[in-house]
Amino acid sequence: MIWHKSDVGKNCHVTFEKRFYSVPWTLVGKEAWLRVRGNSVTIFVDDERVADHRREGDSPWSSLPAHLPEGRRDFAERNPEVWYARADAIDPDVGTYVRAVMASDEVHYPLRRVQSIVRQLEALQPERAISVVRHAARFGCYRPDGIRRIVTQQRDLESDNSGFIDPGWAEQPRFARQAEEFLKNLEVNYGNA
């Protein structure tokens, strides 16, 4: 049996041997004692047992949804397939877009972006979510703050989002535009000169 002292971090977790174990979010900042026996970890705060975890699994994180604040519980789900399924439930175009967001960054693992984007889109009516995704895909927008701006500024309502443009149409689409975008703007601004 091992006893280990750890402070509860802002992410509602304590650490032991490079693994993270959740405790109720109301204990953030407090000192915790971990009792480690075999494959189990029992966590105590102020001499009260607050959590039990297993010391095994593929992920270094052991998070119980009940330990997280109400608005953050979804983020404990770290399997991208769950988020793809949630996006597909809105519309197949939304699912395609979310997969493109996940594939957009080869250096960082953009799961948090995917989680935030899916949650924002789920809060919209399905038709509006589809319109937002089509607009975002057209302009290579893969960030939650960009989705938020599209929604609040109603950018998706200003443009023709009738057809879905696969986000994979350009290798680096963030600043790229398809030729039709420029031709349409030329026609609007200069007529058929």
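Taking the criterion of being farther than 12 Å from Ile147 by Cα and assigned to a helix (DSSP H, G or I), the residues of the stretch 99-121 that qualify are Arg99, Ala100, Met102, Ala103, Leu111, Arg112, Gln115.
May I ask you to say which residue of Pro80, Pro126 is surrounded by fewer than 19 Cβ atoms within 10 Å (Cβ to Cβ) and over 30 Å from Thr42 (Cα atoms)?
The match here is Pro126.
When the stretch 22-36 is filtered for residues that are modelled with pLDDT under 95 and in a strand (DSSP E or B), only Ser22 remains. Note on the stretch 92-122: residues that are within 14 Å of Glu81 (Cα to Cα) and small (Gly, Ala, Ser) total 3. For the stretch 103-118, the set of residues classified as buried (at least 16 other Cβ atoms within 10 Å of the Cβ) and at pLDDT below 90 consists of Ser104, Pro110, Leu111, listed by residue number.
Per the conditions (1) over 28 Å from Asn79 (Cα atoms); (2) in a loop (DSSP other than H, G, I, E, B), the sole criterion not satisfied by His4 is (2). Just a yes or no: is a residue in the stretch 142-150 touching a Ser or Thr at 6+ places or on another chain (Cβ under 7 Å) and either surrounded by fewer than 18 Cβ atoms within 10 Å (Cβ to Cβ) or among the aliphatic types (A, V, I, L, M) (or both)? Within the stretch 142-150, not a single residue is touching a Ser or Thr at 6+ places or on another chain (Cβ under 7 Å) and either surrounded by fewer than 18 Cβ atoms within 10 Å (Cβ to Cβ) or among the aliphatic types (A, V, I, L, M) (or both).
Out of Asp46, Asp93, Asp52, Asp58, one residue alone is touching an Asp or Glu at 6+ places or on another chain (Cβ under 9 Å) and either surrounded by fewer than 18 Cβ atoms within 10 Å (Cβ to Cβ) or within 28 Å of Asp145 (Cα to Cα) (or both). It is Asp46.
Before we move on, is Ser40 modelled with pLDDT of 80 or more, more than 14 Å from Trp25 (Cβ to Cβ) and of a type in the set (S, T, N, Q)? If you could, list the steps in order and put the result at the bottom.
Details: modelled with pLDDT of 80 or more: yes; more than 14 Å from Trp25 (Cβ to Cβ): yes; of a type in the set (S, T, N, Q): yes.
When the stated conditions are applied, Ser40 passes them.
Does Val41 meet the test of being buried (at least 17 other Cβ atoms within 10 Å of the Cβ), aliphatic (A, V, I, L, M) and closer than 22 Å to Val14 by Cβ? The answer is yes for Val41. Residues in the stretch 1-36 that are among the basic types (Lys, Arg) and more than 16 Å from Gly57 (Cα to Cα) were compared, and the one that is surrounded by the fewest Cβ atoms within 10 Å (Cβ to Cβ) is Lys10.
The values are calculated or read from the model by the stated rules, or taken from the named source; none is laboratory data. These numbers were taken from a predicted model, which means no experiment stands behind them. Methodologically, a virtual Cβ is constructed for each residue, glycine included, from the backbone with ideal geometry; neighbour enumeration extends over all protein chains shown.
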